[in-house]
């Protein structure tokens, strides 16, 4: 990965795919008035191909719009945007976020003062006023499923509270959501960029894992927040939901393959397969009976997608999604 000649402080990189309404609000929120830092905005459009890109280029002349060669996924688009960025620091934002200058300034200042911190993020507030979870733990055998995570938190409550205690309004979780990721060009280069094994989902956890493997820390500022309309950029309809939810399952397999080892890796892969096939059969039964209800119908599509994925994975001898850029190499 080539590091660009730095000319400004921060490059804001936003990946878009048919999220124009949210993107409009996001870009409007980035009209900062103070001159605390210099910044540029780069929007990578993952081939929305709906005729709206031109109108946005006209509406936001100070924003650099880049057309990707296809819907190549989040990681690929982030790498494309960062390859064009000239900022010393990079802020990766989802199009369904509403930023503010105070949050960006504090993340920038914290990153400058703490070079050993590879990734900085901040609290994220939903549009209903509630906060998204900020304590995120790496995927492992004990945290493979939601129920197991809940049990682990209850059993190890004191340990987790001590390990992840907030220090001076800063939390140091294992990983942060890819919807708000602030890091230097230097750190992104150090870890080799975003991993294009992933088409969508778990690439943020993977990035944080590689930062920690390189002796970097992950910090989440509790003193500032950014609004996040979670899911607004991806959960558009049943067809889209079936694709994105399938990718969650696939990317989980990819993360396990890339970051776990030995018996733990094998156990996680097998348990995940059992869960996705046998347990989800219950949802399929209800989905067939109540096929007229979109959410029930979604269970049938997900199950079919899982079966197709597992069969194709056997023939390909890898866990990658058919949409993964690294599968196309």
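Of the residues making up region 305-321, those that are within 24 Å of the chain's Cα centre (by Cα) and closer than 27 Å to residue 238 by Cα are 305, 306, 309, 310, 313, 319, 320, 321.
Against the definition (in contact with a strand residue (DSSP E or B) (Cβ under 8 Å, 6 or more places away or on another chain) and assigned by TED's automatic domain parsing to the domain that holds residue 125), how does residue 52 come out, yes or no? Spell out the reasoning first.
On the way: in contact with a strand residue (DSSP E or B) (Cβ under 8 Å, 6 or more places away or on another chain): no; assigned by TED's automatic domain parsing to the domain that holds residue 125: yes.
The answer is no for residue 52.
Out of the residues in region 179-235 that are free of Cβ contacts under 8 Å to residues at least 24 places away in the same chain and farther than 25 Å from residue 29 by Cα, state the one that is farthest from the chain's Cα centre (by Cα).
Of everything passing the filter in region 179-235, 213 is farthest from the chain's Cα centre (by Cα).
Give region 304-329 a look and list any residue that's free of Cβ contacts under 8 Å to residues at least 24 places away in the same chain and in contact with a helix residue (DSSP H, G or I) (Cβ under 7 Å, 6 or more places away or on another chain), or say none. Passing the criteria: only 322. Of everything in region 233-246 that is surrounded by fewer than 18 Cβ atoms within 10 Å (Cβ to Cβ) and in a loop (DSSP other than H, G, I, E, B), the residue that is modelled with the highest pLDDT is 237.
The values are calculated or read from the model by the stated rules, or taken from the named source; none is laboratory data. Here the structure is a predicted model, which means the values were calculated and not measured. We place every Cβ from the backbone using ideal geometry, glycine too, and count neighbours over all the protein chains shown.
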